[in-house]
Amino acid sequence: MIGALAGGGSGASAAAGPRIGREAAEHRDALLQLAADLQAALPSGAAAPLAAAIRALEARTYTIAVCGRTEARLARTAQALSRSPGLLPDLPPAKSATVIALRHGAPDAPPHAASIRHFSADDWAEMAAAAPPAPAGPGDRAGRAFRLARQVEEMRTRAYMRLGPQFRTELGRDRQLAAPDAAVLARHLGSDGPGAAKIPERARYADITREVAFHCPPGPFALPVVVAVTPGEDESFLVRGLRSAACRDAADLCLLVIPADAPLGRADRDLLDAMLAAEGRRLVVFLDRGGAEPAPGAACRVDPQILAAAVARRCRERCPELAVPVVLGSADTALQALALDAPLAGSGLPALSAAIGERLFWCAALDVHARAAAEFEAIAGAAVAELARDIRIIRGAAEDAGDAGPEAVPGVARFDAAERALAAAREAGAARIEAAMSALWARLRTETAACLRKQAEALVTGAAEGAAPGLPARLGTALTALAGGLRDDLAALLAGIRAEMAAALSRAGVRRPLAEVPEGLGPLDLAEALAALEEVPADTARPQPAGPRAEEEMRRLMGPVLPALETAVEATTLALGSAARQALEAFDMAGRTRLARHRAALSRAGALAELEAARAAGAEVAARIAAYRAASQAAGPVPAMASRARSPAG
């Protein structure tokens, strides 16, 4: 058994003939070559998403579920198909729900030879609550859920009785075995029936064992394949049917094993019909003759050739468009030939391998490869579109710089000079703004004082006439008019600074550098300044009495106005200065952004030819992948399978 794990079966017999799934492997390799061509055509950054998709396709494992009613036949058929005689000990099978998985050529195979997984508490609960499998034939469906839950509880109880206090620690346990032997397997796969005394603790873990997996070399398979031996179909033990149905649903192919050394009973006939209805597209039927051929003249209960013809006719009648392969052979004969390194003629194994290889290609691999090709095509399309966008950015930046193309950009020297000129213009502009603000401050105070004298004279005159308007309102109006004029003067200064900065950029070939930045200062907010004038005492707003002392009285009442007026002048000046500095910062930011954009365009201009070539190569490979995908989809589910269906005689 250990030799089978290490070598993958007997040498000559295991290697003889084409490997199972060779056509699917060649089809996959062609797609992987297209993906490699695409990966080589695209830049490393654009090709990065492709690596994960390639790894997923390389690691794709196909599962073949070996189904039937007799568990011993299923195990022998799986060993023969895997070219692994002696891998499993010849033990009476336990009445359990264990799945045996023979994993061939897994890319991520662990270092240990086998692994054993036990049911967990959640597994027991899920099985007890699951919907029971429908009967294969007409039968009483009532009470099946109750029977299933009761049988799950019986399994759990048997496991507890066998393990005792160890039961809880074994729940959900995963065990790795470097070199499993017959005694270890007997504890998990064997029966405690007759002969149990020969192996201590036989079947001790049978009820709690969920899966026994053997990690094997590729052997006869050209692709990573898992041969899953289901627990078998048993109407008296519904847990087996539940686990077998789960295996079939998750499998890519189903291999139905039917005894050919006895008449086709009702149970086998109902199972065949049910699987034809549910799994016809991915079904292969193997009629197993069992052990040695009967001696000449000996009584035989059934002629295997007649049975094979009847099964093939039944498959054609129920699934005429699918041409379900029916192969006649003997798993025992195949295992004996493999063990002795003898020819496989008469075992039916070459015909079974060929039928599984064909079905694997037409009914599983084509679909997988078409989906992978669609993913590769989408990745290629996105990468090509990204390259085209990069090319447009480079060309657009060059055109914006006034160049005919990136090849006309003369070098980085002019950008360095433009950056220095821009910095000098920014510093000079800031100094001019500060000087202008000092001058504006003095001017604003001078003109405000003049305005104050003028308002005082007006108030005195108004008082003499007996009707003087409110001083704060008059001063607010005058201050607003004065600030508007100063704002226009400052805007003209900023326009000059802007023109100087734009001229510095234009010398570097940057056109329209400040087009997105407003030229003026925007609306001037004098709310804070006018609010300061509202703090003036209300007495100054009343009509003043006429008389010779009116002017003196006006001068006295105007005393509180002066601090408020100074505060208003200061707020106005700060508002003008803040707006001017913000405008200068906006000019500078826009200029530096344009310079950075053009510098980036220059740095990428040299790669334009490479990007163009990558885009063209990526588009060409994407077209080839699209053709591959279209051909895979047009092939249909099982094209020309009928013309190549295996003879029932194998």
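The values are calculated or read from the model by the stated rules, or taken from the named source; none is laboratory data. Because the structure is predicted, anything quoted here is derived from the model rather than measured. In this analysis, Cβ positions are derived from the backbone assuming ideal geometry, glycine residues included, and neighbour counts consider all displayed protein chains. The area values use the complete protein model at the heavy-atom level, side chains included, leaving out ligands, DNA and RNA. Shrake-Rupley method; radii C 1.70, N 1.55, O 1.52, S 1.80 Å.
Just wondering, is there one or more residues in the range 314-335 that are on the phi > 0 side of the Ramachandran plot and in contact with a Cys (Cβ under 9 Å, 6 or more places away or on another chain)?
Yes, the range 314-335 contains at least one residue that is on the phi > 0 side of the Ramachandran plot and in contact with a Cys (Cβ under 9 Å, 6 or more places away or on another chain).
Just to be sure I understand, how many residues within the range 160-181 are open to solvent by 50 Å² or more (accessible area, probe 1.4 Å) and out of contact with any strand residue (DSSP E or B) (no Cβ under 9 Å at 6 or more places or on another chain)?
So the count comes out to 8.
Might you check whether a residue that is over 27 Å from A30 (Cβ atoms), of a type in the set (D, E, K, R) and outside any helix (DSSP H, G or I) occurs anywhere in the range 333-348? Walk me through it before giving the result.
Within the range 333-348, the subset over 27 Å from A30 (Cβ atoms) is 333-348.
Remaining after also requiring of a type in the set (D, E, K, R): 341.
Remaining after also requiring outside any helix (DSSP H, G or I): 341.
The answer is yes; a qualifying residue exists.
Restricting to the range 56-73, what's the tally of residues that are small (G, A, S) and touching a helix residue (DSSP H, G or I) at 6+ places or on another chain (Cβ under 7 Å)?
Of the residues in the range 56-73, 2 are small (G, A, S) and touching a helix residue (DSSP H, G or I) at 6+ places or on another chain (Cβ under 7 Å).
Looking only at the range 311-335, which residues are over 13 Å from L81 (Cα atoms) and open to solvent by 40 Å² or more (accessible area, probe 1.4 Å)?
Passing the criteria: R313, R314, R316, E317, R318, P320, E321.
So that you can scan it fast, the table gives a plain yes or no per residue for (1) hydroxyl-bearing (S, T, Y); (2) more than 36 Å from the chain's Cα centre (by Cα); (3) modelled with pLDDT under 90:
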| position | (1), (2), (3) |
| --- | --- |
| E154 | no, yes, no |
| F167 | no, yes, no |
| L171 | no, no, no |
| D174 | no, no, no |
| A178 | no, no, yes |
| P194 | no, yes, yes |
| A203 | no, yes, yes |
| A206 | no, yes, yes |
| T209 | yes, no, no |
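Restricting attention to the range 477-515, and to residues there that are at pLDDT below 70, touching a helix residue (DSSP H, G or I) at 6+ places or on another chain (Cβ under 7 Å) and of a type outside the set (A, V, I, L, M, F, W, C), which single residue is most open to solvent (accessible area, probe 1.4 Å)?
R507
Is it the case that I306 is among the β-branched types (V, I, T) and under 24 Å from R359 (Cα atoms)?
For I306, the condition - among the β-branched types (V, I, T) and under 24 Å from R359 (Cα atoms) - is not met.
Only one of these is surrounded by fewer than 18 Cβ atoms within 10 Å (Cβ to Cβ) and either assigned to a strand (DSSP E or B) or at pLDDT below 85 (or both): A101, A109, A149, A125. Name it. Before the answer, list the steps.
Working: A101 fails: surrounded by fewer than 18 Cβ atoms within 10 Å (Cβ to Cβ); A149 fails: either assigned to a strand (DSSP E or B) or at pLDDT below 85 (or both); A125 fails: either assigned to a strand (DSSP E or B) or at pLDDT below 85 (or both).
Sole residue among the options that is surrounded by fewer than 18 Cβ atoms within 10 Å (Cβ to Cβ) and either assigned to a strand (DSSP E or B) or at pLDDT below 85 (or both): A109.
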